[in-house]
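The values are calculated or read from the model by the stated rules, or taken from the named source; none is laboratory data. Computed from a predicted model, the values in this text were never measured in an experiment. Using ideal geometry, Cβ is built from the backbone for each residue, glycine included, and neighbour counts are taken over all protein chains shown. Note: accessible area is taken over every heavy atom of the protein model, side chains too, but ligands, DNA and RNA are not part of it. Shrake-Rupley method; radii C 1.70, N 1.55, O 1.52, S 1.80 Å.
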Amino acid sequence: MKAKKIKIIAILLAALVLGAFFVSPAPEKDPAVGDVRELRGVVTAVDNNELIKSGVGHLGSQGLTVLITQGELKGTTLEADNPLIGSLEVDEVYAPGDQTLLAVQAGSDGIRYAKAISQYRQGWELVLFGAFVLLLLVYAGQVGFKALISFVVSVVIIWKFLLPALLAGQNPLFLTIVTLLLLTVLIIFLVGGFTRKALAATLGTLAGLAATLALTVLFGELLKLNGMTAPFAPTLLLSGHYNLNMRAIFYAAVVIGASGAAMDIAMDVAASMAEVKQAKPEILAKDLLKSGLNVGRAVTGTMTTTLLLAYSGGYLTMLMLFVSKDTSLLRILNFKMVAAEIFRTLVGSIGLVMVAPLTALIAAWLLSLARENNRVLVTHGAPVGEEVQV
């Protein structure tokens, strides 16, 4: 099958996945609850009489007068409630002029209840996403377009397959294996084409992630981590999902978190080795392997630090709290949340270190097999350095 046809099939596959996302049936509504809609509006006035300041937060309820700006209720002014629980993570206090997202319950007798959900941020989020898409397409062109497809399809797979299956109580580790297998094959082959380079990157990524999964399960048990340190884990469990295995879900999150960097390293190593093979087709497998290992060392050295900075950045305020309290290093290292992040960082880093040499070994073997194929291409008039399709 020609490469052009393969690209068309990949794009059609992505379109089918997106189509399944958009045409998926909506959940059934309870007639007793009425029609609950999520509508955007602008706050025109606020009533803070029942608002109680509690430290740096607020308790009580804030009354809002909101002008609806979308849907069949556009132009309608509603009185909405904004309940506050004193949690700075979720509470939002509004002022006139703020845009808000409302949950509006409507029945046969009209509007029954309106409640503020959050500030409306979708507009600027779309602007930010548009800037990302524009820069990606301008810089990377066709490769950027395929990367964009893989990005969107990955979101759909996680949102429509992984998360619902996890909530249904299915085995998190098995779901993680299936999801990462699907994502790795889809992303690498869609971006890199059906080539030996992409095949080497795929196999190297999967081998490294398998090692990461084994280390995650082993040391997760040894460190006695229960998975409840993840954000909103207790809330999820106590919201009625008592059947969830939070420890296994935490293990799954660790492996998924390392998968993106693993794909990046594997593709870097495989692509560099493919370039060397193109420039010097007669290179021996051992010399090609040496080149791949050298590239892997350089990439791994920066990528492991990247993981450390990413995870520490996510918990910067927690680290600041420890420093402000002059907490001892012994206590910090044994604190459950810190131990979980150390575990996540080190297990992910070990997996990344293993991805590079494994990919180099696989790529050296696959690309060396291409020597005879290159000779056939030369016989038919193709350049010696032309990359061989799988």
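Restricting to segment 77-99, what's the tally of residues that are open to solvent by 50 Å² or more (accessible area, probe 1.4 Å) and either modelled with pLDDT of 85 or more or over 17 Å from Gly63 (Cβ atoms) (or both)? First the steps, then the outcome.
Restricting attention to segment 77-99, the residues satisfying the condition of being open to solvent by 50 Å² or more (accessible area, probe 1.4 Å) are 77, 79, 83, 85, 88-90, 93, 96-97, 99.
From what's left, either modelled with pLDDT of 85 or more or over 17 Å from Gly63 (Cβ atoms) (or both): 77, 79, 83, 88-90, 93, 96-97, 99.
So the count comes out to 10.
Any residue at all in segment 309-327 that is in contact (Cβ under 8 Å) with a residue 12 or more places away in the chain, in contact with a helix residue (DSSP H, G or I) (Cβ under 9 Å, 6 or more places away or on another chain), open to solvent by 40 Å² or more (accessible area, probe 1.4 Å) and under 25 Å from Ser368 (Cβ atoms)?
Scanning segment 309-327, I find no residue that is in contact (Cβ under 8 Å) with a residue 12 or more places away in the chain, in contact with a helix residue (DSSP H, G or I) (Cβ under 9 Å, 6 or more places away or on another chain), open to solvent by 40 Å² or more (accessible area, probe 1.4 Å) and under 25 Å from Ser368 (Cβ atoms), so the answer is no.
Given the structure, is Lys160 touching a residue at least 60 places away in the same chain (Cβ under 8 Å), in a helix (DSSP H, G or I) and within 22 Å of Leu244 (Cα to Cα)? Let's see the steps before the verdict.
Working: touching a residue at least 60 places away in the same chain (Cβ under 8 Å): yes; in a helix (DSSP H, G or I): yes; within 22 Å of Leu244 (Cα to Cα): yes.
For Lys160, the condition - touching a residue at least 60 places away in the same chain (Cβ under 8 Å), in a helix (DSSP H, G or I) and within 22 Å of Leu244 (Cα to Cα) - is met.
Return yes or no: is Leu67 assigned to a loop (DSSP other than H, G, I, E, B), in contact (Cβ under 8 Å) with a residue 12 or more places away in the chain and surrounded by 14 or more Cβ atoms within 10 Å (Cβ to Cβ)? If you could, list the steps in order and put the result at the bottom.
Numbers: assigned to a loop (DSSP other than H, G, I, E, B): no; in contact (Cβ under 8 Å) with a residue 12 or more places away in the chain: yes; surrounded by 14 or more Cβ atoms within 10 Å (Cβ to Cβ): yes.
It is false that Leu67 is assigned to a loop (DSSP other than H, G, I, E, B), in contact (Cβ under 8 Å) with a residue 12 or more places away in the chain and surrounded by 14 or more Cβ atoms within 10 Å (Cβ to Cβ).
How many residues does segment 306-333 hold that are over 16 Å from Gly348 (Cα atoms) and among the aromatic types (Phe, Trp, Tyr)?
Of the residues in that region, 2 qualify.
For segment 332-390: of the residues being open to solvent by 40 Å² or more (accessible area, probe 1.4 Å) and of a type in the set (D, E, K, R), which is modelled with the highest pLDDT?
Restricting to residues being open to solvent by 40 Å² or more (accessible area, probe 1.4 Å) and of a type in the set (D, E, K, R), the top hit is Lys336.
Can you tell me which of (1) closer than 23 Å to Thr306 by Cβ; (2) part of a loop (DSSP other than H, G, I, E, B) is the one Ala201 doesn't meet?
Checking Ala201 against (1) closer than 23 Å to Thr306 by Cβ; (2) part of a loop (DSSP other than H, G, I, E, B), the one that fails is (2).
Are there any helices (runs of 4 or more DSSP H) wholly within segment 245-351 with 2 or more residues that are within 28 Å of Thr176 (Cβ to Cβ) and of a type in the set (A, V, I, L, M, F, W, C), and if so which? Don't jump to the end; show me each part of the working.
Details: elements: 246-279, 285-314, 316-324, 329-334.
It comes to 246-279, 285-314, 316-324.
Taking into account only those residues within segment 121-151 that are closer than 30 Å to Val104 by Cα and open to solvent by less than 60 Å² (accessible area, probe 1.4 Å), which is farthest from the chain's Cα centre (by Cα)? Break it down stepwise before answering.
Restricting attention to segment 121-151, the residues satisfying the condition of being closer than 30 Å to Val104 by Cα are 121-130.
Going one step further and asking which of them are open to solvent by less than 60 Å² (accessible area, probe 1.4 Å), we end up with 123, 130.
Numbers: Gly123: 21, Gly130: 18 Å.
Out of the qualifying residues, it is Gly123.
Quick grid of which residues meet (1) within 30 Å of Met337 (Cβ to Cβ); (2) among the hydrophobic types (A, V, I, L, M, F, W, C):
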residue: Ala270; (1), (2): no, yes
residue: Ala285; (1), (2): no, yes
residue: Leu288; (1), (2): no, yes
residue: Leu293; (1), (2): no, yes
residue: Gly301; (1), (2): yes, no
residue: Leu307; (1), (2): yes, yes
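Within segment 100-116, track down each residue that is assigned to a strand (DSSP E or B) and open to solvent by 80 Å² or more (accessible area, probe 1.4 Å). Spell out how you get there, then give the answer.
From segment 100-116, those assigned to a strand (DSSP E or B) are 100-107, 110-116; that's our starting set.
If the condition is that a residue be assigned to a strand (DSSP E or B) and open to solvent by 80 Å² or more (accessible area, probe 1.4 Å), then Arg112, Tyr113, Lys115 are the ones that fit.
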